[in-house]
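Reviewing the structure listed below.
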Amino acid sequence: MLAANLLVKKREGVELTDDEIRFLIDGFCRGSVADYQMSALAMAVCLRGMSAGETESLTRAMLESGDLMRRECSADTPRVDKHSTGGLGDKVSIVLAPLLAACGVHVPMISGRGLGLTGGTLDKLESISGFRTDLDQTESETALQQVGAFIVSASEKIAPADRRLYALRDVTGTVESIPLITASILSKKLAANLDALVMDVKVGSAAFMTEMEQARALADSICRVGKACGLPTSVLISDMDQPLGAAVGNAIEINESVAILKGELRDDPLVERARELTLLLCAELLTATNVAGDSAAARVLLERALADGSAMEKFLAMVHQQSGRWDGPLDLAERMTIEAQQDGWVEQIQSREIGSVIVELGGGRRRVGDPIDHSVGVSMNVQVGDRVSRGQPLMDLYCSNEQQNDYAERLRATLRLADEPVELRPLTM
C-alpha cells in the first residue's frame, strides 16, 4: 500500500478498509507516514466524512497504538468514566469522580487542559497547591485501590496516535470532524478498560457543537462506536448557551465544586444546575453497571454520599493521594461587583465573550505553554430567564484592581435584557 494512493481514495469520498486505516495509523506512529500526509488525511475526513465502519476502525487503530491500563487493580469493582465536549464553567468532573468513588465504583479519569475558551479540568485542579496530574501507572493503580478515583493527564503511552494527530488537527483547521472527535475521545476512554462511559455533549453558543443537529450526530456516533468496541456508552445532551453553575475560572470553580460536595449553596439556582447535571451523569453510570437498579435508586445512593460527607472525604483523599494540599477555599483575586443599569429579564448571556475575558485576564491560554493565573474568574449571579432590577448585582469579577474597570463594561454587555419575561432554559435536551 502507498499512503498517497489512500489519501486520493479518501479525498474522492471512497470508503477506506480496516487494513488501509491501520496501515496509515501504524505508519504515522512509525514515521513512514509523514505528518503532512496525516494532515491531508484529516482534511479529507473533514470534507468527506467517514462511515460508521471507518470510524470504528480508526478508533481501534488509535487505541492499539498504545497501552491499556491494567484492570487487575480494580478486581470486580466496576470502572466508569465521564467525558464532556467542554463548556464554560463545566466543573462536573471535579464533583463526579469522588462522588462515584463514594458510591463504590472506580473512576480512572483521564482529563485535559483548557482548549480555546473552554477551561480544562487539569488546570482547575492545579489551582490546589501541589496537586499532581502526572501520576505513573503504579501511582494511578494505587490511587484506585486506596481512594477509588484519580484525575490525570494522558500519558504518552495511552493512544499516542491520537496525541500526535490531535496536535496536527489543532493547527490545520481539522478539529471539527465528528469521526475524528469520536475516535479521539473513545481511543483514550477504551484504553482505561472501563465498564461504562457517559458522554456529556454540550450544545449552544458557548459549546463546541452550536446546533442541536451537530450535537445529536456526535452523540449517535460516540454511542454507536463505543458499543461496537465493547464499551457500554450513554449520552446526555446539555445546555451550553450560558455558563454551567455560577463560577467560571480555575480556583473559583474548585471552590464551587467543594461547596457542592459539602452540600452548600443549595439555595443558589445556578449552582443547583451544576449539581443536578452531575447527579444525572452519575446516575447513568451507576445504573449501567448495576450498582443501582434504576435512576431513582441511584439518586438515593448519590444524595446519601453527599449528605453523609463521604463524597467530600473521597475528594480530600484524592487530593492527598495526588500530592495536593487542601486548606479550605482557594484564594481569589480582588472582587468587583458588576450591577445592572436597567430593569428587565435576562434574555441572553454571551458566554463566549465571558470566556474571552477570562483568557485575556490569564485564566486561560492563548498559546500552548502559557502560564495560568488560577485566581481570576467570574461568578454569575443571574441566569437566562431571571428578572433583574437596576442596581442588582449581575456578576462578580475577580482580577487585579488595575484590570477591573477595563473589563467591567465588556462583561456587563454580555447580558442582553428583554422587556418581557423569558422562558427558563432546560438543563438537558
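The values are calculated or read from the model by the stated rules, or taken from the named source; none is laboratory data. The model shown is predicted, which means the values in this text are computed figures rather than measured ones. So basically every Cβ, Gly included, is an ideal-geometry build from the backbone, and we count neighbours across all protein chains shown.
A few remarks follow.
- Selection within segment 228-251 - over 19 Å from D294 (Cα atoms), in contact with an Asp or Glu (Cβ under 9 Å, 6 or more places away or on another chain) and among the hydrophobic types (A, V, I, L, M, F, W, C): A228, C229, L231, I237, M240, L244, A246, A247, A251
- Every residue from segment 411-429 that is of a type in the set (S, T, Y) and either touching a Lys or Arg at 6+ places or on another chain (Cβ under 7 Å) or not in a loop (DSSP other than H, G, I, E, B) (or both): T428
- Restricting segment 393-415 to residues that are in contact with a strand residue (DSSP E or B) (Cβ under 9 Å, 6 or more places away or on another chain) and of a type in the set (D, E), the residue that is surrounded by the most Cβ atoms within 10 Å (Cβ to Cβ): D396
- Lone qualifier among A274, A217, A259 - being in a helix (DSSP H, G or I), aliphatic (A, V, I, L, M) and crowded, with 24+ Cβ neighbours inside 10 Å: A274
- Residues of segment 116-158 that are modelled with pLDDT of 90 or more and on the phi > 0 side of the Ramachandran plot: G130, G148.
- As a summary of the residue check, G293 satisfies the conditions (1) touching a residue at least 24 places away in the same chain (Cβ under 8 Å); (2) over 14 Å from I94 (Cα atoms) except for the one numbered (1).
- Which listed residue is more than 17 Å from the chain's Cα centre (by Cα), assigned to a loop (DSSP other than H, G, I, E, B) and free of Cβ contacts under 8 Å to residues at least 40 places away in the same chain, from D76, D67: D76
- Residue identified as touching an Asp or Glu at 6+ places or on another chain (Cβ under 9 Å), in the same structural domain as S310 (by TED's automatic domain parsing) and either among the small types (G, A, S) or not in a strand (DSSP E or B) (or both) among A143, A206: A206
- Looking only at segment 262-271, and only at residues there that are aliphatic (A, V, I, L, M) and in a helix (DSSP H, G or I), the one that is nearest to A196 (Cα to Cα): V271
- Residue in segment 370-393 that is among the basic types (K, R) and in a helix (DSSP H, G or I) present: no
- Among the residues of segment 43-60, the ones that are under 19 Å from N5 (Cα atoms) and assigned to a helix (DSSP H, G or I) come to 9 in all.
- Matching residues in segment 222-231 - criterion: being buried (at least 24 other Cβ atoms within 10 Å of the Cβ) and touching a residue at least 60 places away in the same chain (Cβ under 8 Å): V225
- Residues of segment 7-42 that are of a type in the set (G, A, S) and not in a helix (DSSP H, G or I): G13, G31, S32, A34.
- Any hit, segment 334-348, residues being in contact with a helix residue (DSSP H, G or I) (Cβ under 7 Å, 6 or more places away or on another chain) and assigned to a helix (DSSP H, G or I): no
- Test for C29: is it closer than 25 Å to C223 by Cβ and within 29 Å of the chain's Cα centre (by Cα): no
- Here segment 58-83 is the region considered, the condition is being closer than 27 Å to L41 by Cβ and polar (S, T, N, Q), and the residue that is surrounded by the most Cβ atoms within 10 Å (Cβ to Cβ) is T59.
- Verdict on L277 being in contact (Cβ under 8 Å) with a residue 12 or more places away in the chain and either over 29 Å from V198 (Cα atoms) or acidic (D, E) (or both): no
- If the condition is being buried (at least 20 other Cβ atoms within 10 Å of the Cβ) and without any contact (Cβ under 8 Å) to a residue 60 or more places away in the chain, then segment 48-57 contributes only S57.
- Scanning segment 1-47 for residues that are loosely packed, with under 14 Cβ neighbours inside 10 Å and closer than 17 Å to G173 by Cβ returns Y36, L47.
- Within segment 380-392, the residues that satisfy the criterion of being within 14 Å of I338 (Cβ to Cβ) and surrounded by 18 or more Cβ atoms within 10 Å (Cβ to Cβ) are M380, N381, V382, V388.
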